[in-house]
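Worksheet: one structure, shown below.
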Amino acid sequence: MSPTAYENLKYPTQKPEGLIQRIIKGHSNEGDLVADFFCGSGTTAAVAEKLGRKWIATDLGKFGIHTTRKRLIQVQRELKAGGQPFRAFEVLNLGRYERQAYLNVTGRLTGKKKEQALARKEQEFRDLILKAYRAEALPDRAFFHGKNGSRLVIVGPINLPVGRLFVEEVITECRKRGASRVDVLAFEFEMGLFPAVLEEAKQKGIDIAPKTIPPEVFDKRAVEKGQVRFADIAYVEATPSYDKKNKLTLAIKLTDFSVHYSQGFVDSITAEMKAGKSEVACDAGQLVKFTKDKEGVVKREVLTKKWTDWWTTGPSISTTRAARKSSRWPRAWAWKAHCPAW
């Protein structure tokens with residue numbers, strides 16, 4: 001790929017569209033299905049879309065998926081501008097590869113021994129998460145797994161999302177023990193679970209803080225250096241409004257949202273920040289720009305002064321690779337990244 005080519009996305013393994021176009025044209029017809037199982041920057045999918053082929057593109061790397069999505073949105077725009085038909089596409093997340101690899105039990109073991117080996121793996125897994133969360137493991141671990149300051153800590157199911165029944169068990173156990181504060185750590189939470197269930201717990205005198213376990217928990221170096229960030233759950237509530245005169249007209253009204261990060265999260269960012277640099281983070285539900293001068297003094301500037309600032313502030317879909325891989329960016333911004341497709 002020429003460094004000056006207009007289609008160059010600076011992706012290491014990117015191929016020229018002209019090359020892929022020759023291959024697809026020579027081996028398929030319009031309407032056929034083209035698949036690329038190591039899609040990288042998405043050249044195959046982009047060319048297939050332009051040539052009227054159906055396509056499937058997969059990749060294990062998040063950076064590749066984000067690059068491909070952005071590229072295909074641009075293809076949609078170009079086709080629309082040229083008066084040509086264009087189609088929607090889905091981004092699907094299939095599998096929990098890191099967790100499956102971690103819990104993989106090798107060797108020819110009998111049923112009982114395999115269960116015991118798996119139980120040991122799960123225990124090691126919880127210990128790893130507690131260490132990354134800087135929580136102290138509890139000796140009994142009958143229900144709760146650890147303690148962080150004055151808060152109890154429980155790690156949710158490894159291969160299942162945390163649902164209402166799990167949260168209700170947490171509330172029941174808290175009432176039995178006379179505990180009022182607990183952090184729930186999980187990779188996934190059931191859709192629609194928040195914020196209603198948190199309000200129900202609060203009415204019973206229990207403060208539940210759901211935290212998302214980031215993929216960086218599998219990086220031992222990141223755990224050892226204390227660089228793993230557990231993000232609080234963010235949610236967006238939107239209400240559709242249909243036009244009475246035109247049924248094909250639809251408006252989406254933002255009715256509520258919540259993006260809260262703990263103070264410790266912000267403290268760790270500012271502590272790691274180099275002099276003369278700045279970082280944008282979410283603090284107390286607002287986007288704040290932190291800047292450190294040469295003397296090490298940190299200044300803060302609130303960027304979200306009104307609700308519309310959420311649409312114009314923060315990193316767009318074209319942020320750097322490092323930023324996209326970082327767990328610092330609030331999940332609500334992922335919603336902004338979809339906006340160009342609208």
Practice task
For Ile154, work out the one condition from (1) in contact (Cβ under 8 Å) with a residue 24 or more places away in the chain; (2) in a loop (DSSP other than H, G, I, E, B) it doesn't fulfil.
Solution key: (2)
Practice task
Identify the single condition in (1) within 23 Å of Glu124 (Cα to Cα); (2) surrounded by fewer than 14 Cβ atoms within 10 Å (Cβ to Cβ) that Gly156 does not satisfy, given that it satisfies every other one.
Solution key: (2)
Practice task
Would you be able to say whether some residue in segment 178-187 is assigned to a loop (DSSP other than H, G, I, E, B), at pLDDT below 90, within 25 Å of the chain's Cα centre (by Cα) and buried (at least 17 other Cβ atoms within 10 Å of the Cβ)?
Solution key: yes
Exercise for the section: Sort through Arg96, Arg71 and tell me the only one that's among the charged types (D, E, K, R) and at pLDDT 85 or above. Expected result: Arg71
Exercise for the section: Out of the residues in segment 276-302 that are modelled with pLDDT under 85 and of a type in the set (A, V, I, L, M, F, W, C), state the one that is surrounded by the most Cβ atoms within 10 Å (Cβ to Cβ). Expected result: Cys282
Exercise for the section: State yes or no: is Leu19 closer than 26 Å to Glu188 by Cβ, part of a helix (DSSP H, G or I) and not assigned by TED's automatic domain parsing to the domain that holds Glu188? Expected result: no
Exercise for the section: Check Lys80, Lys70 and return the single one that is surrounded by fewer than 17 Cβ atoms within 10 Å (Cβ to Cβ), in a helix (DSSP H, G or I) and out of contact with any Gly (no Cβ under 6 Å at 6 or more places or on another chain). Expected result: Lys80
Exercise for the section: State which residue pairs qualify: first residue in contact (Cβ under 8 Å) with a residue 12 or more places away in the chain and inside segment 161-178, second residue part of a helix (DSSP H, G or I) and of a type in the set (Asp, Glu) in any location, beta carbons under 9 Å apart, and separation of 6 or more residues or different chains. Expected result: Val167/Glu200; Ile171/Glu200
Practice task
Determine whether segment 264-272 contains at least one residue that is in the same structural domain as Arg134 (by TED's automatic domain parsing), among the small types (Gly, Ala, Ser), under 25 Å from Pro195 (Cβ atoms) and modelled with pLDDT under 70.
Solution key: yes
Completion exercise
Log entry, pairs with first residue in segment 287-301 being in a loop (DSSP other than H, G, I, E, B), second being of a type in the set (A, V, I, L, M), beta carbons closer than 9 Å, six or more apart or on different chains, reads Asp293/Ala275; Lys294/Ala275; Glu295/Ala275; Gly296/Ala275
Problem - Looking only at segment 25-42, and only at residues there that are buried (at least 19 other Cβ atoms within 10 Å of the Cβ) and modelled with pLDDT of 95 or more, the one that is farthest from Lys10 (Cα to Cα) - result: Val34
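The values are calculated or read from the model by the stated rules, or taken from the named source; none is laboratory data. Quick caveat: nothing in here was measured; it's all calculated off a predicted structure. A quick note on method: Cβ atoms are made from the backbone with ideal geometry, for glycine too, and the neighbour counts reach across all protein chains shown.
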